[in-house]
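Quick notes on the structure that follows.
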Amino acid sequence: MNLNYSDEQNMLRDQVLKFCETNYDFTDREKILKLEDGYDQNNWNQFAELGWLAIPFAEENGGFNFGPIELTVLFEEFGKALVLEPYLSSVVMSGTLLEGSSLPHKVSLIEKIISGESHISVAYAEPSIGYNFYNGTTSVSEKGDDLVLNGSKTLVLNAQKSDHFIVLANKNDQPCLVLVDKSSDGFSMLSFQSLGGQTCGDLTFENVVVSPDAMLAEGDAAVTLFNSMLNVATLCISAEAVGAMAASYQKTVQYTKERQQFSQPISNFQVLQHRMVDMFIETEITKSLLIKATLQLDSGDPEADKTISALKVQVGKAGKYIGQQAVQLHGGMGVSDEMSIGHYLKRFTVIDSMFGNTQYHLNKFQAS
Amino acid sequence: MDISFSEQDLQFKEEIRSALENEFPTHVREKQNQGISLDKQDMIDYHKFLYTKGWAGYNWPVEHGGTGWTPVQIYLFLNELAIANCPTILPFGLNMVGPVIYTFGNQEQKDKFLPDILQFNTWWCQGYSEPGSGSDLASLNTKAVLDGDNYIINGSKTWTTLAQNADWIFCLVRTETTNKKQEGISFILVDMNTPGIEVKPIITIDGDHEVNSVFFTDVKVPASQLIGEEGKGWTYAKFLLAHERFGIAAVPVSKVSLANLKDKTANLQDLDLDRKIAELEIDLMALEFTELRTLAAIVDGAHPGAESSILKIRGTEIQQRLTELYVEAAGQYILPYEGPEGFESNRSPAGPDFASPSVASYLNFRKTSIYGGSNEIQKNIIAKAILGV
């Protein structure tokens, strides 16, 4: 029994913390928000130089062979600073799918992710299927030796910067995952800004021809692979939420100590003290489920699915509570765009919406 | 990071489990399983069973007759007791006054009291709260005045759990009126048979007689029964509060209760109830792992302080929500009132068998967020110690 982070993991945390302190105060972040890409390419290059883009990949693919623990360390720190760079989509999501795939040229694709040269996004959502990602209508058919892709995807993270997309589609009524080059004929994309400042895209495929070599997985293998990606991605945004929760209650404590009303700091008022204690407790409780889920994913425990759902429920509820109370205790400043605190509330709202919201995961937890 | 228990610890757990399966006193087990409340003799039999197994001093050091178990072993032991549906160990002797005596008492006091506490030859109760001193415990006003070799005690204590069964009471008393109210408090042991002590029942809203008022009128107590130094009682009381970290969250008991609730409500097809049960299960899972984090910190040599307040707050909230869900599941069938003595004329009311006990538990468990430092006091502790406000 030992819940301490290793020296290596602590070093990683310190490194990310230092990076965020130097490059990611709220003014830095405001500038990044104005960039067309939705993030700062210089930061991304630094991520590559620091080796962060190699974290989850196996050594034989040029990675550090780190796992869920290191990813949660990274994301917790990202969450505190509200980091905008597309680590989730370009490294965690596409990386997990590529690494678990049978794609013949996956090593060269992974190398380009690690070097920061290439972004790949995963396209899974469709307009009217909600969180039932396997119910989409995008389909792959065979035409001679080639495959032809038709349909559309939406809410694709960082689409405008990605050169390839991993598309969840159907082939003979079975789910499959297929890699599509954005320069393919019949491919089109419409990029838009997402809540919180990152970019998203709608993709359309009209008779897009792809080689059979572009198939990552089919049938049950595709489902297993995609589900495991969803688990890791959910874990990462949950860790991000835990970081954002810690920052939210700490910033709130700080603010109430400074803010004077009725000739005293408002932190003197017990009603506010207890509210902040509740925010602290919710943060710690969420962290407990985060660690539990992380260790279960790390060890391949079959209970991990259920714990991930429990975690996502807790993240949804606690994020909403902490985000709202942080705004409330900041008073009018809490709803000002020029203060960071409201941006945490935005991020909690986005995180709850991703990969199944509170209601969805509560249903899943009950059914498991 | 690794949350698994060692082979040795798992073997330890198995030994406890099989001993409980085979040796747990049958008459106590049967009452427990049927939800019948235990009488004084049952509780004595149960605690004497613990002593016979060598488990009574489960969190005491070996030199004082305890097991010398590691924090992990203590954790596993308490878990197994709950899984086997054992009664909660009475804390007053084993967890409260015992550790104070072996830590701050003199040799004579250790020799006199510790063996009887371990063997459960004496039933202890706690004399802390007073009518005018609840959350502000240090304002207590029961006075002990030295008169030759004796203290003369006057005043009253309240909410004294199971004082009607107790042989001894440990009390916080005021031996001096000082500017700082914490400084004039002393810790003294009193034989309940001493003349001048009167115990009056307080009946709680569930109809049960669990707590009492204890009145002291010119009660003469040998000065040799004062623990440690006069005026240092507050320090000992604080030590005592910090001593019991596990168990405060009642996680294993709540897990058993939740499993029973799921079992009993499975055929109700009440989707709204099922959803609330699922939400509670998630909260309980989170609390259990929070307790494991505390355990891991202790194993690592840390001394968690205010963090334990999270366990108290969350643990009692979950206990209370569980009792609420039982009541919700029982619906209208909570109406027939079953007093502590059972139904009048042995009538067997309509509705599920858990209906009547559930409402008694619901009412009784309102105490959990009030006792042991109310949840509001726990939040004050966290606000000050962790948030620094």
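The values are calculated or read from the model by the stated rules, or taken from the named source; none is laboratory data. Note that the structure is a prediction, hence the values are computed from the model and not measured. Cβ sites come from the backbone with ideal geometry, for glycine too, and all protein chains shown count toward neighbours.
Would it be correct to say that A:Gln325 is among the polar types (S, T, N, Q) and surrounded by 16 or more Cβ atoms within 10 Å (Cβ to Cβ)? Taking the combined requirement at face value, the residue satisfies it.
For the stretch B:185-225, which positions are closer than 15 Å to B:Asn154 by Cβ and over 23 Å from the mean Cα position of the chain (by Cα)? Steps first, please.
The initial filter retains those residues of the stretch B:185-225 that are closer than 15 Å to B:Asn154 by Cβ, namely B:186, B:188, B:190, B:194-198, B:213-221.
Result: B:Thr194, B:Pro195, B:Gly196, B:Ile197, B:Glu198, B:Phe216, B:Thr217, B:Asp218, B:Val219, B:Lys220, B:Val221.
Matching residues to (1) out of contact with any helix residue (DSSP H, G or I) (no Cβ under 9 Å at 6 or more places or on another chain); (2) not in a helix (DSSP H, G or I):
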{"position": "A:Lys18", "(1), (2)": "yes, no"}
{"position": "A:Glu21", "(1), (2)": "no, no"}
{"position": "A:Thr27", "(1), (2)": "yes, no"}
{"position": "A:Asp37", "(1), (2)": "no, yes"}
{"position": "A:Trp44", "(1), (2)": "no, no"}
{"position": "A:Ala48", "(1), (2)": "no, no"}
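Of the residues A:Gly51, A:Gly95, A:Gly79, A:Gly38, the single one that is more than 14 Å from chain B (Cβ to nearest Cβ) and under 26 Å from A:Met215 (Cβ atoms) is A:Gly95. Number of residues in the stretch B:7-32 that are within 14 Å of chain A (Cβ to nearest Cβ) and either within 16 Å of B:Leu81 (Cα to Cα) or touching a residue at least 12 places away in the same chain (Cβ under 8 Å) (or both) equals 4.
Among the residues of the stretch B:51-72, the ones that are touching a residue at least 40 places away in the same chain (Cβ under 8 Å) and within 19 Å of B:Phe24 (Cα to Cα) come to 3 in all.
Any residue at all in the stretch B:367-375 that is away from chain A (no Cβ under 14 Å), closer than 30 Å to A:Gln273 by Cβ and among the polar types (S, T, N, Q)? Taking every residue of the stretch B:367-375 in turn, at least one turns out to be away from chain A (no Cβ under 14 Å), closer than 30 Å to A:Gln273 by Cβ and among the polar types (S, T, N, Q).
Considering only the stretch A:133-140, I want to know if a residue exists there that is surrounded by 17 or more Cβ atoms within 10 Å (Cβ to Cβ), of a type in the set (S, T, N, Q) and either in the same structural domain as A:Val232 (by TED's automatic domain parsing) or part of a helix (DSSP H, G or I) (or both). Scanning the stretch A:133-140, I find no residue that is surrounded by 17 or more Cβ atoms within 10 Å (Cβ to Cβ), of a type in the set (S, T, N, Q) and either in the same structural domain as A:Val232 (by TED's automatic domain parsing) or part of a helix (DSSP H, G or I) (or both), so the answer is no. Kindly provide the set of residues from the stretch A:193-227 that are of a type in the set (S, T, N, Q), surrounded by 18 or more Cβ atoms within 10 Å (Cβ to Cβ) and assigned to a strand (DSSP E or B), ordered by number. Residue satisfying the conditions is A:Thr199 alone. Considered as a group, the residues in the stretch B:254-302 that are in contact with a Leu (Cβ under 8 Å, 6 or more places away or on another chain) and among the small types (Gly, Ala, Ser) include one that is farthest from the other protein chains (Cβ to nearest Cβ), and that residue is B:Ser257. Considering the stretch B:98-174, the qualifying strands (runs of 3 or more DSSP E), each wholly inside and each with 1 or more residues that are aliphatic (A, V, I, L, M), run over B:143-147, B:150-157, B:168-174.
Applying the selection to the stretch B:297-345, what residues are of a type outside the set (Phe, Trp, Tyr), part of a loop (DSSP other than H, G, I, E, B) and more than 23 Å from the chain's Cα centre (by Cα)? First the steps, then the outcome.
Start the filter on the stretch B:297-345 by keeping residues that are of a type outside the set (Phe, Trp, Tyr), which leaves B:297-325, B:327-332, B:334-336, B:338-342, B:344-345.
Now restrict to residues that are part of a loop (DSSP other than H, G, I, E, B): B:300-306, B:335-336, B:338, B:340-341.
B:Asp300, B:Gly301, B:Ala302, B:Leu335, B:Pro336, B:Glu338, B:Glu341, listed by residue number.
Is it the case that the stretch A:338-360 has a residue that's acidic (Asp, Glu), more than 19 Å from the chain's Cα centre (by Cα) and modelled with pLDDT under 95? Checked the stretch A:338-360: at least one residue is acidic (Asp, Glu), more than 19 Å from the chain's Cα centre (by Cα) and modelled with pLDDT under 95.
Considering only residues that are part of a loop (DSSP other than H, G, I, E, B), of a type outside the set (Gly, Ala, Ser) and free of Cβ contacts under 8 Å to residues at least 40 places away in the same chain, which ones fall in the stretch B:354-389? Talk me through it step by step, then tell me what you get.
First, the residues of the stretch B:354-389 that are part of a loop (DSSP other than H, G, I, E, B): B:354, B:370-374, B:388-389.
Now narrow it down to the ones that are of a type outside the set (Gly, Ala, Ser): B:354, B:370-371, B:389.
Selection gives B:Ile370, B:Val389.
In the set A:Ala293, A:Ala310, A:Ala318, only one residue is under 19 Å from the mean Cα position of the chain (by Cα), within 12 Å of another protein chain (Cβ to nearest Cβ), farther than 22 Å from A:Glu77 by Cβ and buried (at least 22 other Cβ atoms within 10 Å of the Cβ); that residue is A:Ala310. Of all residues in the stretch A:257-290, those that are within 7 Å of chain B (Cβ to nearest Cβ) and either in contact (Cβ under 8 Å) with a residue 60 or more places away in the chain or β-branched (Val, Ile, Thr) (or both) total 3.
Each row is one residue, and each column tells you yes or no for (1) in a helix (DSSP H, G or I); (2) in the same structural domain as B:Phe354 (by TED's automatic domain parsing); (3) hydrophobic (A, V, I, L, M, F, W, C); (4) touching a helix residue (DSSP H, G or I) at 6+ places or on another chain (Cβ under 6 Å).
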residue	(1), (2), (3), (4)
B:Lys13	yes, no, no, yes
B:Asn22	yes, no, no, no
B:Asn33	yes, no, no, no
B:Ser37	no, no, no, no
B:Ile44	yes, no, yes, no
B:Phe49	yes, no, yes, no
B:Trp55	no, no, yes, no
B:Leu76	yes, no, yes, yes
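Within the stretch A:294-306, being more than 15 Å from B:Asp283 (Cβ to Cβ) and assigned to a helix (DSSP H, G or I) holds for A:Thr294, A:Leu295, A:Gln296, A:Leu297, A:Asp298, A:Ser299, A:Ala304, A:Asp305.
Under the condition of being surrounded by 19 or more Cβ atoms within 10 Å (Cβ to Cβ) and not polar (S, T, N, Q), which residue from the stretch B:329-356 is nearest to the other protein chains (Cβ to nearest Cβ)? My answer is B:Ala329. Only one entry of B:Ala223, B:Ala249 meets the criterion of being of a type outside the set (Lys, Arg), within 30 Å of B:Pro304 (Cα to Cα) and in contact (Cβ under 8 Å) with a residue 60 or more places away in the chain, and that entry is B:Ala249.
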